[in-house]
Structures are given as structure tokens and as C-alpha cells.
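Colleague: What follows is a single structure, and I will ask about it in a moment.
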Amino acid sequence: MHSNQHEATQQMGGAGDAAGLSALIGRATRAGKGPPPVERWNPPFCGDLDMEIRADGTWFYLGTPIGRMPLVQLFSSVLRKDDDGKTYLVTPVEKVGIRVADAPFVAVEMNVSGEGDGQVITFRTNVGDVVEAGPGNPLRFVDEPETGGLKPYVLVRGRLEALLARPVMYELVSHGEEIDVGGVPTFAVRSKGEVYPIMPAEHLRRLSA
């Protein structure tokens, strides 16, 4: 066995597990047909899998990182977060629970085009999704009291969000402007005609004083 093959098998926690996961993915992939319609599938719940997406976006299976990006991308295409707040891998015939430490995706790159109301902010995630912030894909900002910082998220699809990586967050904030939101001067960003408030301008002035 080549060391690469051996490494890949080890990464997946053994050949049997890799075969089982490949079979799961095989039931979910539809070559060349775009993302699987996971929102429309209603399979039975088949228990939890020892799979976790860490806060930095790394996928772990049986406590070991999944090093193969194509495999991670396949899994990410069949992710669904249900209204019970839990995240599942969903195929037409099964639904298995996995653990997500923060958000399932991480936005690792952004691009800004246009300006004013015509400005569009586009994000790329760690698994290759490209998302334009705007109607249907809102940005939201969560206060982190323990660090005094902010965690920005963008909705990718369904209920699945991407957490903006720290450098991307700084880049996003550099495109912020003071906008009147409901009579309150607010530091915010615009994309596709929407205004996403980050924090009251007064708060920002205190932080940067």
C-alpha cells in the first residue's frame, strides 16, 4: 500500500469507515446537477455520526481531521441545519447528526464591487461556496462579550452560515460607513441594496478612542 493511500485510509479512521462514508456520499451526489436538493428530502433519522466541524472550519471524523478537500466538499453539499438547531448530513434515504462547534463554514475571502446602494460584497467559503451578501443571504453580527469583539456571519443556504475569518472581518469592517438606521447613527455595511448594522457609531467611537 502506498503511504499516501495508507494515510488517506488512516485519516478516515479505517477502510471500512471510508467505504461506509463513500456509500453515504454516493447516495447523495448528483454529478453535474448542482447542489443536491437536501431541503426537499425527508429521510428517517439514523443516529449520530462521530463527525465534527470545528470552529476553524476543519472537519473531523472519529477524532481525526479529514484531509481530503473533495470529500469535505461532498459532505458540505449534503449538510442541512433543521429547526431543532442541529446539523445533519442528509441523503434521500438517511439523516445522520453531526456536531458543529460554531458555524459549518468559514468565509475565507471577500470581494467588494460597486459603491453606495450598488455595492455588492461577495464571500468565498472554505469549501468553495460563493455567496453575495444581500436579500436571502443576510449578514449578522454577534457580540462576543468575553473578547469585546464581534463575530460576523453570512447565511450561505438554508440555515447554514459561514463565520467570517478574522482577516476577512477586518476587511469587511474597512468598508463600513456611518448610516442612519432608525434615527440612530450606525456603523454598517451595504450589499445589494441592504444595510447591515454592525454597531452604534457611538459604541465604535468609544472602542477606537
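Colleague: Out of the residues in segment 92-109 that are touching a Leu at 6+ places or on another chain (Cβ under 6 Å) and touching a residue at least 60 places away in the same chain (Cβ under 8 Å), state the one that is nearest to GLU132 (Cα to Cα).
Modeller: Keep residues of segment 92-109 that are touching a Leu at 6+ places or on another chain (Cβ under 6 Å), which gives 96, 98, 102-104, 106-107.
Next cut, touching a residue at least 60 places away in the same chain (Cβ under 8 Å) only: 96, 102-103, 107.
Working: VAL96: 29, ASP102: 21, ALA103: 18, ALA107: 12 Å.
Only one residue fits best here, namely ALA107.
Colleague: For ARG166, all conditions in the list (1) buried (at least 17 other Cβ atoms within 10 Å of the Cβ); (2) within 21 Å of the chain's Cα centre (by Cα); (3) at pLDDT below 95 hold save one; what is the number of the exception?
Modeller: Unmet condition: (1).
Colleague: Also: Can you go through ALA55, ALA107 and tell me which one is crowded, with 21+ Cβ neighbours inside 10 Å, out of contact with any Pro (no Cβ under 8 Å at 6 or more places or on another chain) and either of a type outside the set (Ser, Thr, Tyr) or not in a helix (DSSP H, G or I) (or both)? Spell out how you get there, then give the answer.
Modeller: Working: ALA55 fails: crowded, with 21+ Cβ neighbours inside 10 Å.
Being crowded, with 21+ Cβ neighbours inside 10 Å, out of contact with any Pro (no Cβ under 8 Å at 6 or more places or on another chain) and either of a type outside the set (Ser, Thr, Tyr) or not in a helix (DSSP H, G or I) (or both) holds for just one of ALA55, ALA107, which is ALA107.
Colleague: In the set THR186, THR147, which member is touching a strand residue (DSSP E or B) at 6+ places or on another chain (Cβ under 9 Å), outside any helix (DSSP H, G or I), of a type outside the set (D, E, K, R) and at pLDDT below 95? Break it down stepwise before answering.
Modeller: Numbers: THR147 fails: touching a strand residue (DSSP E or B) at 6+ places or on another chain (Cβ under 9 Å).
Among THR186, THR147, only THR186 is touching a strand residue (DSSP E or B) at 6+ places or on another chain (Cβ under 9 Å), outside any helix (DSSP H, G or I), of a type outside the set (D, E, K, R) and at pLDDT below 95.
Colleague: Please state which of the following conditions LEU172 fails to meet, knowing it meets all the rest: (1) surrounded by fewer than 19 Cβ atoms within 10 Å (Cβ to Cβ); (2) assigned to a helix (DSSP H, G or I).
Modeller: Result: LEU172 fails condition (1) only.
Colleague: Hey, another quick one. For segment 130-144, name all the residues that are loosely packed, with under 12 Cβ neighbours inside 10 Å and part of a loop (DSSP other than H, G, I, E, B).
Modeller: PRO135, GLY136
Colleague: Do we find that VAL142 is closer than 13 Å to ILE198 by Cα and at pLDDT 90 or above in this structure?
Modeller: Values: closer than 13 Å to ILE198 by Cα: yes; at pLDDT 90 or above: yes.
For VAL142, the condition - closer than 13 Å to ILE198 by Cα and at pLDDT 90 or above - is met.
Colleague: Now, a different point. Cβ contacts < 6 Å: first residue more than 19 Å from PRO167 (Cα to Cα) and crowded, with 16+ Cβ neighbours inside 10 Å, restricted to segment 112-129; second residue among the charged types (D, E, K, R) and modelled with pLDDT of 90 or more, any location; separation 6+ or different chain. Result?
Modeller: Close Cβ pairs satisfying both conditions: GLN119/ARG190.
Colleague: What tally of residues in segment 110-148 results from selecting those that are in contact with a Gly (Cβ under 9 Å, 6 or more places away or on another chain) and either small (Gly, Ala, Ser) or within 21 Å of ILE53 (Cβ to Cβ) (or both)?
Modeller: Matching residues across segment 110-148 total 5.
Colleague: Quick one: how many residues across segment 62-86 are among the small types (Gly, Ala, Ser) and loosely packed, with under 13 Cβ neighbours inside 10 Å?
Modeller: Of the residues in segment 62-86, the ones among the small types (Gly, Ala, Ser) are 63, 67, 76-77, 85.
Filter again for loosely packed, with under 13 Cβ neighbours inside 10 Å, leaving 63, 85.
Selection size over segment 62-86: 2.
Colleague: Go through (1) at pLDDT below 95; (2) more than 24 Å from THR122 (Cβ to Cβ) for MET69 and report which single condition fails.
Modeller: With respect to (1) at pLDDT below 95; (2) more than 24 Å from THR122 (Cβ to Cβ), MET69 is out only on (2).
The values are calculated or read from the model by the stated rules, or taken from the named source; none is laboratory data. From a predicted model like this one, the values you see are computed outputs, not experimental measurements. Because the Cβ atoms are built from the backbone with ideal geometry, glycine has one as well, and the counts that use them run over all protein chains shown.
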